[in-house]
Amino acid sequence: MTDIKNIFQTICVHEGEDYERFGGGVTPPIFENSLFSFPSYEDIDDAYAGKSNRYIYTRGLNPTVEILEKKITALEGTEATKVMASGMAAITSAIMTVLKEGDHVIAVRNLYSPAHQFLTDYLGQKFSVETTYVDGRNVDEIAEAIRPNTSIIYLESPTSLNFHLQDLREVSRLAKENEITTIIDNSYSTPYYQRPFEFGVDLIVHSGTKYLNGHSDVVVGVVTGRKELVARIQQFEQALFGGIIGPFEAWLVIRGLRTLGLRMERHTKSALKIANFLEQHPKVTRVNYPGLESFPQKDLADRQMTGWGGLLSFEVEGDQDGIKNMINKLQYFSIGVSWGGYESLVSHPNISLKHNFTIEQMEEWDLSPNLIRIFVGLEDAEVLIQDLTQGLEEL
Ligand SMILES: Cc1ncc(COP(=O)(O)O)c(C=O)c1O
């Protein structure tokens, strides 16, 4: 595993930039234009023939977006990147570019629920794609689920409610042996803490809405990985479905990226303090955070991740009313979904889980109605601990 922390911030600041190209400006211009004109018939003819690097149309490529894509390719250590309209645009494009009608997919349980919906409710019903959900902590279970028509193993490591990990090296090896494409949602770790391409994963997707942008003001997705797959996405899913990001949003993400490493360090430092505090609290029965010594897959976490970030969950004693009162009492943890911005957040997954899962299914998926998820933002850790202390009194 390569730890690139010593060059990460340099990549964020410099990769893809060319000050002289834009009159010495240290931030790139926002190319807020839909098309690029050509001085002559011969020039546009050359551009279409791939004989020049001129931009043609922003749905295909835009100079501001291109700078962002170059940075992400360097940060993830991949071969090519497309930035898209949302994390879901990236996830659905990555899956669609690989799948054929009638294929079989293996996906981890507890994956981000709209991805689950896309596989089961949309592809399953419309295109006869079958998905088998496995406990991704167990490579043997993944191996046993492989069929002759399996084309994708879809991973999310860690998962974003209870942080189950998959062994990326082992799963990638298994997939390659069986000519299966691997896709991972790497939103939790970002390339600062985990670079799945090194372990052999083919495509990496992100909800860049989270840490990559980091300021809760843009919805954006990323797909990065092997160049032939990314080129196919550019040619088909991006160009034909058209789910692109606008140049202004790309520029905001470039700005967000410049502090990614610094923010991740701060999130981790505070979250680790808070996870340790929660572990000692008498009303807390379990804390899920890969940075804790008690984390059940700590060895694997240390082998494939170099840090953990600000997202963690915990289970509490008490009834649903107590949990409601606790959440309402918190002052600095805003009630909301998502994560990865500067602000601390709290959510109670049971609000949506109770509509889709029985208690038995929740147990099977290692989820509890008493699970609370928090995102530790950039506020001071001691202030957040005081806030949690007074909130937990409501239980
Ligand atoms: C783990 C994970 N993946 C993907 C997504 C989807 O990203 P977006 O909201 O940018 O479409 C989310 C959004 O919450 C997420 O939490």
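The values are calculated or read from the model by the stated rules, or taken from the named source; none is laboratory data. These numbers come from a predicted model, not from an experiment. Cβ: placed from backbone, ideal geometry, glycine included. Neighbour counts: every protein chain shown. Quick note on the areas: whole protein, heavy atoms, side chains included, nothing else; ligands and nucleic acids left out. Shrake-Rupley method; radii C 1.70, N 1.55, O 1.52, S 1.80 Å.
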Single residue of the range 271-291 satisfying the filter (within 23 Å of the chain's Cα centre (by Cα) and not β-branched (Val, Ile, Thr)) that is most open to solvent (accessible area, probe 1.4 Å):
Leu272
Mind counting the residues in the range 106-131 that are more than 17 Å from the chain's Cα centre (by Cα) and basic (Lys, Arg)?
1
Against the condition within 27 Å of Gly377 (Cα to Cα) and touching a Gly at 6+ places or on another chain (Cβ under 7 Å), how does Gly246 come out, does it pass?
no
I'm checking my understanding of the structure. Among residues of the range 85-117 that are of a type in the set (Gly, Ala, Ser) and part of a loop (DSSP other than H, G, I, E, B), which one is nearest to the ligand (Cβ to nearest atom)?
Ser86
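For the structure I just gave you, tell me whether Ile146 is outside the structural domain of Val287 (by TED's automatic domain parsing), open to solvent by less than 10 Å² (accessible area, probe 1.4 Å) and away from the ligand (no atom under 16 Å from the Cβ). Outline the logic, then answer.
Details: outside the structural domain of Val287 (by TED's automatic domain parsing): yes; open to solvent by less than 10 Å² (accessible area, probe 1.4 Å): no; away from the ligand (no atom under 16 Å from the Cβ): yes.
Judged against the criteria, Ile146 is not a match.
Closer than 22 Å to Ile204 by Cβ and over 18 Å from the mean Cα position of the chain (by Cα): does that describe Glu237?
On the way: closer than 22 Å to Ile204 by Cβ: yes; over 18 Å from the mean Cα position of the chain (by Cα): yes.
Against the criterion (closer than 22 Å to Ile204 by Cβ and over 18 Å from the mean Cα position of the chain (by Cα)), Glu237 qualifies.
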Residue in the range 329-363 that is farthest from Thr268 (Cα to Cα), counting only those that are open to solvent by 80 Å² or more (accessible area, probe 1.4 Å) and in contact (Cβ under 8 Å) with a residue 24 or more places away in the chain:
Asn356
The helices (runs of 4 or more DSSP H) lying entirely within the range 313-395 that contain at least 2 residues which are within 27 Å of the chain's Cα centre (by Cα) and under 21 Å from Pro282 (Cβ atoms) are 381-392
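For the range 38-60, which residues satisfy the criterion of being more than 18 Å from Phe22 (Cα to Cα), in a loop (DSSP other than H, G, I, E, B) and not basic (Lys, Arg)? Working first, answer last.
Quick first cut of the range 38-60, residues more than 18 Å from Phe22 (Cα to Cα) only: 38-52, 56-60.
Next, from what is left, pick out any that are in a loop (DSSP other than H, G, I, E, B): 38-40, 49-52, 56, 58-60.
Within the range 38-60, Phe38, Pro39, Ser40, Ala49, Gly50, Ser52, Ile56, Thr58, Gly60 qualify.
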Which pairs turn up if I take residues in the range 106-118 that are touching a residue at least 40 places away in the same chain (Cβ under 8 Å) and over 11 Å from Ile91 (Cβ atoms) and look for partners that are of a type in the set (Val, Ile, Thr) and within 11 Å of the ligand (Cβ to nearest atom) with beta carbon separation below 6 Å, at least 6 apart in sequence or on another chain?
Asn110/Thr159
The range 38-59, residues that are touching a residue at least 60 places away in the same chain (Cβ under 8 Å) and exposed (fewer than 15 other Cβ atoms within 10 Å of the Cβ)
Arg59
Quick test for you: out of Glu156, Glu130, pick the one residue that is open to solvent by 10 Å² or more (accessible area, probe 1.4 Å) and in the same structural domain as Ile183 (by TED's automatic domain parsing).
Glu130
Return the residues of the range 132-154 that are closer than 15 Å to His164 by Cβ, in contact with a His (Cβ under 7 Å, 6 or more places away or on another chain) and touching a residue at least 40 places away in the same chain (Cβ under 8 Å); say none if nothing qualifies.
Arg137
